[in-house]
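The values are calculated or read from the model by the stated rules, or taken from the named source; none is laboratory data. A quick note: this is a predicted structure, and the numbers were derived from the prediction, not measured. As a convention, Cβ positions derive from the backbone with ideal geometry for all residues, glycine included, and neighbour counts pool all protein chains shown.
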Amino acid sequence: MSVQISLDQDHYGKILRALRNIERSDESVLRTGVNNTAKIIQKDLASKVAKRYTGGAGKRATVLGTSKITKATTANPAAILTFSSPVRDVMEYKARIGRRAVSVAVLNTGLKKLNGAFAAGLRWQARSGESGVHDAIMQRVPGTVARKYAGKPAKPHYNKIRKVLSPSVAKQVGNPEVFNENEIADTLRNEVDKVVSKVLGG
């Protein structure tokens, strides 16, 4: 997910009028305000994700580690804040694995039982030849039949099996409970106004 941080034309015109008698260029003022905003929003979004999601994958530091800021310049006074990561293994969040049931909590709303779920060790092998076993939570998919059981009478253990995954960081950040365009716009206006005030000696 990418967030572009740039000032609207009305506010930009206000800056031009305020700085018309000042030697410092409006572009450099805008660049500073935009870059300051990008840093604030980066930390704010990571904090919101940490409050909403559980486990190691939901930690603030983990979310920040998936983010990158392309800074604004004098020539292009717009910053780009990007969050990117693959979908997460649900084991990276909060999970409780029992003999008869598996419960997980991706959100901070408590553990929920996953019907037809069970823990399994998935074997993996890298191109280098290194191999191992990865613990994962699997789940039977109701209404489906695995290929090797095709044509046979339906039974629960004949269902297809899928690995249980959870949203990527980009999806988490883009959730309406986390991402708010109005808050970002307000923060940008405040940060740019602070820089303008400082330049004017306020």
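When the range 79-106 is filtered for residues that are among the acidic types (D, E) and over 17 Å from the mean Cα position of the chain (by Cα), nothing remains. Among the residues of the range 83-103, those identified as of a type outside the set (V, I, T) and either in contact with a His (Cβ under 8 Å, 6 or more places away or on another chain) or in contact (Cβ under 8 Å) with a residue 60 or more places away in the chain (or both) are F83, S84, S85, P86, R88, D89, E92, Y93.
Note on the range 28-48: among residues that are in contact with a Ser or Thr (Cβ under 8 Å, 6 or more places away or on another chain) and among the β-branched types (V, I, T), the one that is surrounded by the fewest Cβ atoms within 10 Å (Cβ to Cβ) is I40.
If you filter the range 67-90 down to residues that are part of a loop (DSSP other than H, G, I, E, B) and of a type in the set (V, I, T), you find that the one that is modelled with the highest pLDDT is T73. Scanning the range 49-63 for residues that are without any contact (Cβ under 8 Å) to a residue 40 or more places away in the chain and surrounded by fewer than 18 Cβ atoms within 10 Å (Cβ to Cβ) yields G56, K59, R60, A61. Within the range 91-112, if we keep just the residues that are assigned to a loop (DSSP other than H, G, I, E, B) and either in the same structural domain as R52 (by TED's automatic domain parsing) or not aliphatic (A, V, I, L, M) (or both), the residue that is nearest to V49 (Cα to Cα) turns out to be N108. Among the residues making up the range 162-187, those that are within 8 Å of the chain's Cα centre (by Cα) and among the aliphatic types (A, V, I, L, M) are V169, A170, V173.
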